[in-house]
1. Exactly one of these conditions fails for residue 353: (1) under 20 Å from the mean Cα position of the chain (by Cα); (2) open to solvent by 50 Å² or more (accessible area, probe 1.4 Å); (3) not charged (D, E, K, R). Give me its number.
2. What about residue 86, is it hydroxyl-bearing (Ser, Thr, Tyr), open to solvent by 60 Å² or more (accessible area, probe 1.4 Å) and part of a helix (DSSP H, G or I)?
3. Among the candidates 119, 105, which residue alone is open to solvent by less than 30 Å² (accessible area, probe 1.4 Å), under 21 Å from residue 238 (Cα atoms) and not in a loop (DSSP other than H, G, I, E, B)?
4. Looking for something of a type in the set (Val, Ile, Thr) and not in a helix (DSSP H, G or I) - is there at least one such residue anywhere in the range 220-228?
5. Using beta carbons and a limit of 7 Å, which pairs, at least six apart or on different chains, have the first residue in the range 1-27 and surrounded by fewer than 21 Cβ atoms within 10 Å (Cβ to Cβ) and the second one among the small types (Gly, Ala, Ser)?
6. Kindly indicate whether any position in the range 318-326 is closer than 29 Å to residue 42 by Cα and either in a loop (DSSP other than H, G, I, E, B) or among the β-branched types (Val, Ile, Thr) (or both).
7. Would you confirm whether any residue within the range 328-345 is in contact with a Pro (Cβ under 7 Å, 6 or more places away or on another chain), open to solvent by less than 30 Å² (accessible area, probe 1.4 Å) and in a helix (DSSP H, G or I)?
8. Scan (1) under 23 Å from the mean Cα position of the chain (by Cα); (2) closer than 16 Å to residue 293 by Cα for the single condition residue 263 breaks and write down its number.
Amino acid sequence: MILSLFYYFYFSIVGIYIIFLPKVLSEVGYDASEIGIIFAASPLVRFILPFLFMRGMRLNAVVFKFSLLLAILSAIAFYFSLESFYLLLASNVALGIGMSLMLPYVEVIALDSIGKEMYGKVRLFGSVGFIVVALVLVKFLSSAYVALDFLLFFVVFTAFVGYKVQSIAPKHEEKRAKKETNDINLLQDYKLWLGLLLVQMSFGAFYNFFTIYETDYGISLDMTIYLWSFGVLIEVIMFFVQGKFLHFNLLKILQLTILATAFRWLLVFYFPQNLNVLFFAQSLHALSFALFHTAAISYLFHLYKNKSLAQQFFSGISYGLGGFSGALLSGYIYEWYPKYLFLSSSIIVFTAFIFISLWMRERELRL
C-alpha cells in the first residue's frame, strides 16, 4: 500500500511538471528557447548523476532522505524564482536531482520486496496519479501559482510517503550493499544500453509533438486528449495483468515490445487522421511503455549485482539522455520535415531492436 501511494504522488508530480509547467512559464513571459533550456536541464541531470555513484558513492537511506528534503526545498524555491531565469533554472536542476535519486531507490525496494510479478499492480498507481492530476489541475489552473501550489503539495506528500517507504526496505539491504561491487561496464555492454536509450529516444516525437502533430492534421484538441487518456488507461490495465508475462524470457519480451513500438509509430505516420487506427496505435502503449518498462528494470535487476546503480543508469541513460536527445531531434525533424516525424521514430526504435537482438546473441555466446 505504501509503495502504491509513493508511485501515485511521484507521478502526479511528473504530470504537473510535463503537462502544466511549460504552459505556466510561457504565460509568465519566457520564450520557447528559455523554456527549452530549463526543461532540458532535468534529463541531463538524470543522465549525469549515475556516473557520480561509480566512484564509491551509494544510493542508500541517507542519500534517499537527502533527495526528499532537496525536492521539498526546490519546490518552495520555485515561488521565489519564477520570474528569474537563472534562479528558476537552478530550482529546476535541484528538483531534477531530488526526483532522479528517489525513484531508482524505490524501484529496487519494490522489486526486492514484492517481485517483478507484482510490480505492475503497484506501479499502475503512478499512471493513475498522472492522469488524475491532469484532469483536476486543468479545472483550477487560474494562475501560475496554482500550479506551483499543486507541485508543492504533491512534493511534500511524496517526501512523507517516501520516508515511510524507506522504513520497509529489506533488512538485508545493508548487508547486500557491502557485497555490491560496480559490475556495470557501459562500454562492454553497449549494445544493451544503446538499445534502451534508442527506445526512449523514439518517444521524443510522441511526448513533445503528438498533440501538435495530430491537431495540425485536423484532429480536434478534445479528441487528441481522448487519445492520450486512452493510452494511459491501457497502460494501467497492462500494469495490472503483466505479471503472468514476466515469467518468460525478459530479453524476448524486450524484443517484442520494441517491435510493437516500431509498428506503433508507423501507424501514426501512415494514418495520422484515421481515428480507429490511432486508437489502436495508442493501445500498443501497453507494450511499448508498460511492459517494456517492467521487463527492462527487471532484467537489469537480475543482470547486475549493483542493483541500485543499474536502476540509476536505466533512468539516466534511457529517460535522461534518451529523453533529451529525442526531444531535441524531434524538434528539428518537425521543423524541417514534419510529415516524416513518426517515420523517423519508427526507424530509431527498430535500430534499438537490432542492438537488443545483438546483445541477446552475445549473452548466449557468453553463456
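The values are calculated or read from the model by the stated rules, or taken from the named source; none is laboratory data. Computed from a predicted structure; not experimentally measured. Glycine also receives a Cβ, built like all others from the backbone with ideal geometry; neighbour counts cover every protein chain displayed. For the accessible areas, the whole protein counts, side chains as well, though only heavy atoms, and no ligand, DNA or RNA atoms are used. Shrake-Rupley method; radii C 1.70, N 1.55, O 1.52, S 1.80 Å.
1. (2)
2. Considered against the rule, which asks whether it is hydroxyl-bearing (Ser, Thr, Tyr), open to solvent by 60 Å² or more (accessible area, probe 1.4 Å) and part of a helix (DSSP H, G or I), residue 86 comes out as yes.
3. 119
4. The answer is no, given that none of the residues of the range 220-228 is of a type in the set (Val, Ile, Thr) and not in a helix (DSSP H, G or I).
5. Hits for this filter: 19/134; 21/147; 27/144.
6. no
7. No, every residue in the range 328-345 fails to be in contact with a Pro (Cβ under 7 Å, 6 or more places away or on another chain), open to solvent by less than 30 Å² (accessible area, probe 1.4 Å) and in a helix (DSSP H, G or I).
8. (2) is the only condition that residue 263 fails.
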